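Colleague: Can you keep this structure in mind? I'll have questions shortly.
What follows is calculated from the coordinates using simple rules that are stated; it is not laboratory data. Bear in mind that the values here come from a model prediction, so they are computed numbers and not experimental data. Don't worry about glycine lacking a Cβ; one is built from the backbone with ideal geometry, like all the others, and counts go over all protein chains shown.
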Amino acid sequence: VTAASICRKRRLPDGLQEERDDDDDDDNNKLFLFASPQSIAAFEYLDHPADVQLHTWGNTVEDMLASLGAAMVNYMVPLSTIEETETKHVEIAGAHDMHTFVFTFLDELLFLFHGDGFVAKRVGFARGASVVPPDATTTNGNSSAPWPTVRLAVRGERFEPTRHGGHGTEVKAITYSAMAIHDHGAETAATNRRW
């Protein structure tokens, strides 16, 4: 029994499903964890006079990030109009704390939209990848360990104005304004709102 087959038999956290990505060029990293379509609806929009503020939550950092990406895309294009016909691969590198990681994550999804004309529906994280170094904190985000490069598989399709209902409100840039990331601890895991 290989280590990979042992990992596949482990029970996944609620809301996550393991999917193969046979289009990935790296044979060693074809397994990605995707939030199920039901769990990516964990978001809401907060009132702000000039910006859009996204409030998302999840039982894991990955759940929270998948919901965050879905919330941003849904603000521009309704998720219900997006099919999963293509997969794009993205790497998030160079983060030095949670805030820069989240900023870069959203910026990459926004670049896929504006640069490639690609609308994302779901985001998968490479199986076994750690988004946050073990000794990182969410208060100041500093870590003595280097922040990992995280590989993502982003599922969606090319933007088509007629089929995607035109273009919603355009998101032009990501900002750090009012960005807050909270780990409410394992005791809140049952509510699916740890992060």
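Colleague: How do the peptides 98-109, 172-183, 83-94, 153-164 rank, highest first, by the average count of neighbouring beta carbon atoms within 10 Å per residue?
Modeller: 98-109, 153-164, 83-94, 172-183
Colleague: Points 7 angstrom from Cα along the Cβ direction at residue 51 and residue 170: gap in nanometres?
Modeller: With each label placed 7 Å out from Cα toward Cβ, I get 1.9 nm.
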